[in-house]
Amino acid sequence: MSARDQFGQIFRFALVGGVNTGTFYGLYLLMHPWMPYFAAYTAAFLLAMVGSFFMNTYFTYRTRPTWKKFFLFPLTNITNYVIQSAGLYALVAWAGMDTRIAPLVAAVAAIPFTYLLSRKILLPGAAGTTSPDAARGSSTADLERGVANHS
């Protein structure tokens with residue numbers, strides 16, 4: 001992958017991240033009055049994660065979504081969730097930050113980790129050289145492995 005292609009991918013990831021963060025934050029603010037802040041945070045996080053999966057497969061990495069990728073994708077978000085949750089708790093409990101602002105601040109710290117992990121899951125073999133699967137195209141490789149593609 002050329003430096004230009006990689007820069008484009010990082011730019012698309014940042015764009016998707018911005019849209020996803022806005023979606024998450026909007027959902028959080030909608031649910032926050034009706035439930036405890038941490039429950040609203042978790043529900044918004046899970047809903048936004050589904051949207052993030054599809055935006056990242058189609059737009060960021062330009063690959064087809066599969067059930068295997070869909071079920072592996074939450075692994076990228078576990079790290080994100082842990083970092084954001086710890087940050088959210090620390091910002092609210094220890095720093096006294098407003099519970100409406102703290103999730104947005106905590107989300108910033110998790111961005112680099114999420115990018116690296118999502119790239120590894122959604123583009124297997126992307127850590128340098130192009131894998132044979134990527135060279136043949138994800139749909140062919142997935143069919144060969146017996147993973148059904150669902151568009």
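Remark: segment 18-68 carries 52 Å² of accessible area per residue (probe radius 1.4 Å; ligands, DNA and RNA excluded). Whole-percent P(r), segment 1-128, all Cα pairs, 5 Å bins from 0: 2, 11, 21, 23, 18, 12, 8, 4, 2, 0.
Sort 93-104, 73-84 for me by packing, meaning the mean count of neighbouring Cβ atoms within 10 Å per residue, highest on top. Provide the component values of the computation, followed by the final result.
Values: 93-104: 13.9, 73-84: 17.8.
Highest to lowest by the protection proxy: 73-84, 93-104.
Summarising the label geometry, the points placed 7 Å from Cα in the beta-carbon direction at Lys68 and Tyr89 lie 3.5 nm from one another.
The values are calculated or read from the model by the stated rules, or taken from the named source; none is laboratory data. Predicted model only: the values in this text are computed from it and were never measured. Heads up, the Cβs are rebuilt from the backbone with ideal geometry, glycines too, and the neighbour counts pull from every protein chain shown. The protein model used for the area step is the full one, side chains on, heavy atoms only, and it has no ligands, DNA or RNA in it. Shrake-Rupley method; radii C 1.70, N 1.55, O 1.52, S 1.80 Å.
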